[in-house]
Each structure stands twice: as structure tokens, then as C-alpha cells.
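Below is one structure, written out as C-alpha cells; the observations come after it.
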Amino acid sequence: MALWGGRFSSGPHESVAKLSRSVDFDWRLAQYEIRVNIAHVEGLQRSKILTSDEAQKIVVALKELSQDVASGSFTYNDGDEDVHSAIERGITAKLGELGGAFRAGRSRNDLIVTDFKLYLIDHLLEVADQVVHLAVSLDAAALNNMSVVAPGFTHLQHAQPILFSHELAKHSHALLRDVDRIKDWLDRNSISPLGSGALAGSGLVPNPEIIAADLGFKGVTRNSIDAVSDRDFVAEALFIFAMLGIHLSRFGEEFTIWNTQEFGWVTLDDAFSTGSSIMPQKKNPDIAELARGKTGRFIGNLTALLVTLKGLPFAYNRDLQEDKEPVFDSVEQLLTLLPAVRGMIDTATFHGDHISSDVLKGHALATEIADFLVRKNVSFAHAHEISGKAVALADIKGMDVHELSDSDFFSVDSRLDNELRASLSAKSAIEARGAINGTSTKSVTTQIEQLEAKIRSSSTWITSERNRFSGMMST
Ligand code: ARG
């Protein structure tokens, strides 16, 4: 069903209809379209464009249609151009002429942005919820491994000993920053573009503030031209998805390495790994690899939208229809990926013995020797030099620096007396780092408690935002 045609002598050519048609993908917006229509119809009633009887009939029919869409008994057909025309066809089938009446006072230009914003709000909250659950799983793994010491790496070389829990918990911090970004997004973008009309505002619905509040928004956009042109909120969402993807890719890379025969730090559950069609022995970390690999398309989706927006004239241009598929793709891929990653962590077995076995290899306690000297009032530059000499001596002797004898240390520098020995264990190196951000048992325990508090407050926030935006359909 077309929403235009009066001035045309013919319908669009087949090739144009095919090019123009968006319903195959924008049908995902059907429920938001219905919600927005209900709020708009109530606005038309307040403006006396519709009688209360007409408005009520349309609202009842829209709510019925919402159920038909949910059950699948109503869907789009070959003649529908977009979600707007499909929904209007559904309402017209129920109400006849009245079905075309509520289009008054709005345009597809403000409608599509409002639908899309509501879709993004729902799905950003769903992504936030999944990310929070992933953080819960990581924290549980961190808590279960509090006694495991691990080599901490820089440049993929042993650097300093750390608690393995500190290593695991770092991912929660990155992921909860993504949740924070979603909060920021909602703070900035919870304003309704409806009532902007085609570009100049609506002559028939003078009260967009009430419609906005009905939909759950905190306010109304203030420039109708900007409002129908603005896709910053889409680009910001795609950036959030890309950044989250990058976090998942770094996590995936780490798990892939930990799962190698060389590392042997983790065994994956059979249900969360995959086999090879030729090599019967293989058990591969494909989930971790897909977490790493899917990031390419998340970044691609962001890039695609930014390029579409660059140099685009203000108000509505059809280029803007290209804003949706990148978002649908990123959302759907993330919502497929996140539960699998979470399951992989929940069912993974970490091998504490393996993780800690080589913790001191690569002179990992050299910094302890320098710190020991600094505590004896040696400048760090000098202490660094002396510790480096100890490392060089250990290299000559084919050992790690902590394996040097007391007399070896003494020969390097007389201040390296036998008190040094107490500093030369992974445990003491770890427990020496007791500041709020450090790797000591106390710091990591506090860190995990704080993560858990943040997870709880994020969950509460997600529930309250969900209620705010879906409240209208439950009445
Ligand atoms: N399918 C269009 C989109 O997604 C809806 C808006 C169409 N507006 C127009 N003036 N042709 O952007």
C-alpha cells in the first residue's frame, strides 16, 4: 500500500519499487511504529482533529494490531513499501477510511526517527543487560580464582606477577564502561523528535511535549529541521557497539591464547567449543575467535553510517534510509554473540597450577629488587641500573634473577643484603601492591566488591528505563 500517489500518473517502475522498498528490514520497527501512532492519535484528539470516539477506535485497533504483529497473524506483503505503509494497511483493514485519518499532522520523516530511537533504546538496554550478565560471569570466575597467581604480561612477555583474578576482572571494567556509555546515550538522547513533521514542525499537533512524555521520553527536540536530519544518536550507538566489539575481541584473543597447548591455562566445555571436519582430535575455541572476528563488521557498520552522513544536506534525504541495516546487523550479531561468550566463561575450567607454574620466569621479580633499593633511599634510576646488573648476572648463570644466591646479590651491590630474600616471591610482589588499583589480595577483593555494586546499580537502572519506555503499552 502506497502512502503517496495523487500527483503521479503511474506507480513506480518495478526497479524503483525494489530500490525504494525498506519493509524487509524496517519491519523490525513495527511495534515501535504502533506505539508512536497511539501517542500521536491521542495528540490529534487533544487538538480536536479526531473526536474522542474516533481516537478511541483507532487506539483499540492499533493495540489489536500490535498483538497481531506479535503473534505473526499480521505481517508485511509484497505491495508494502515500508513499515509505515504496512501498518496503515493493517489499520485500514480494521477501520476502513478512519485508518488513514491519523496520518494527519506528522510525516514519515519525524515518524521514522522516533520509531528508530525507540528501537535503539530497547536494544541498547538489552545489550546493556547482556553485558552486565557477562560482567557477572567474569566476576564469578575472578572470585573463584582468588588464590591463583599468574604472570602479568607486557609486550606478551612476562613482566610482573599478578593475581589471576585481577587479570579476569579487568574485562569487567572495560565492559561496564560500555554500559556507562549506554547510560550517557540515554541521558543525551531521550528526547522525542515527533512533532517535527516533514521538517518545519506540525501544524496540527501543537503539543509534542505530551506525546513525548507518553512515549517515555524526557523532552522534545528543539529544532524540527535538526530533528529529522539528526542521526548522531545512531552513530553514537554504532560507536558503542563497535567499542563493545573491540572489548570482546581483546577478550577473545586472550582466551584463544590461553586455550593453546603451549599455555594450557583453560579448558573449554564441549558445548562451548567446536571440532574440525578433518582432524578428529581438534577442539577449537571458535566462540573466542568469533568474538574477535565479528568486530570487523561492528566497525564497518559505524564507518558506513558516518560516510552516509558526511556532507548530507539537512532535513530528510533518502540517503538516511541507509541508517538502519548497520544498526540491525550490529544489534543482532551482538545479541547472538554475548550469550555464547558468557556461556563459554561460565563453563570454562581454569588450570591454576599451569597458570602459576612459570610465574617467575623471565626475571619477573627484577622490579622487586629495584623497589627494595628505593626503600633503602637509593634513587630509582640507580636502583634500576643495579637490578639490571643482577639480571645480566642471572642471564650469564642461566637462571632467573630471583634464583641468584645471597652472595651473588651482594657481589652486585652491597645494599642487596639478605633482607632482600623476603621480597623475592610472587606472593610478596603481589601483596606489596596494596593500593586501590593494585593486584594485592585485599585490593582485588575490594575491586570485585565494587564491580558487584556497579553491576547491581546498572541492573536497577536497566529495569527502571525499560519500565519508563514500555509503560505506555501496558496501560
Ligand atoms: N523508509 C524511510 C527511511 O527509512 C522512511 C522515511 C521516508 N520518508 C520520505 N520522505 N521518503 O528513512
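The values are calculated or read from the model by the stated rules, or taken from the named source; none is laboratory data. Predicted, not measured: the structure shown is a model, and the values here were computed from it. Heads up, the Cβs are rebuilt from the backbone with ideal geometry, glycines too, and the neighbour counts pull from every protein chain shown.
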Worksheet item: What number of residues in the range 15-36 are away from the ligand (no atom under 14 Å from the Cβ) and under 26 Å from the mean Cα position of the chain (by Cα)?
Response: 2
Practice prompt. Give me the pairs, please: first residue somewhere in the range 1-26 and under 28 Å from residue 332 (Cβ atoms) and among the hydroxyl-bearing types (Ser, Thr, Tyr), second residue anywhere and in a helix (DSSP H, G or I) and modelled with pLDDT of 90 or more, beta-carbon distance under 7 Å, and either six or more positions apart or on two chains.
Written response: 22/321
Worksheet item: If you go through the range 315-331 one residue at a time, do you hit one that is more than 16 Å from the ligand (Cβ to nearest atom) and among the polar types (S, T, N, Q)?
Response: yes
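With the structure loaded, tell me whether residue 160 is surrounded by fewer than 23 Cβ atoms within 10 Å (Cβ to Cβ) and part of a helix (DSSP H, G or I) or whether it fails that test.
No, not satisfied.
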Worksheet item: Name the pairs: first residue in the range 105-127 and farther than 12 Å from residue 186 by Cα, second residue away from the ligand (no atom under 12 Å from the Cβ) and among the charged types (D, E, K, R), Cβ to Cβ under 8 Å, at least 6 apart or on different chains?
Response: 113/230
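Would you point out which residue out of 3, 62, 29 is in contact with a helix residue (DSSP H, G or I) (Cβ under 8 Å, 6 or more places away or on another chain) and either modelled with pLDDT under 95 or farther than 21 Å from residue 117 by Cβ (or both)?
Values: 62 fails: either modelled with pLDDT under 95 or farther than 21 Å from residue 117 by Cβ (or both); 29 fails: either modelled with pLDDT under 95 or farther than 21 Å from residue 117 by Cβ (or both).
Answer to the check: 3.
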Item to complete: Check whether at least one residue in the range 302-312 is away from the ligand (no atom under 16 Å from the Cβ) and under 30 Å from residue 168 (Cα atoms), and report yes or no.
Response: yes
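Name the single residue, out of those in the range 37-94 being within 16 Å of the ligand (Cβ to nearest atom) and free of Cβ contacts under 8 Å to residues at least 60 places away in the same chain, that is surrounded by the most Cβ atoms within 10 Å (Cβ to Cβ).
Here the answer is 87.
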Worksheet item: What number goes with the only condition from (1) closer than 30 Å to residue 242 by Cβ; (2) surrounded by 15 or more Cβ atoms within 10 Å (Cβ to Cβ) that residue 339 does not pass?
Response: (2)
Response to the item:
Only unsatisfied item for residue 126, checking (1) within 16 Å of the ligand (Cβ to nearest atom); (2) of a type in the set (D, E, K, R); (3) under 27 Å from residue 470 (Cβ atoms), is (1)
Worksheet item: Which one of 204, 199, 238 is buried (at least 22 other Cβ atoms within 10 Å of the Cβ) and not β-branched (Val, Ile, Thr)?
Response: 238
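Here is a yes/no grid of residues against (1) assigned to a helix (DSSP H, G or I); (2) under 20 Å from the mean Cα position of the chain (by Cα); (3) modelled with pLDDT under 95:
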residue	(1), (2), (3)
414	no, no, no
421	yes, no, no
446	yes, no, no
457	yes, yes, no
464	yes, yes, no
470	yes, no, yes
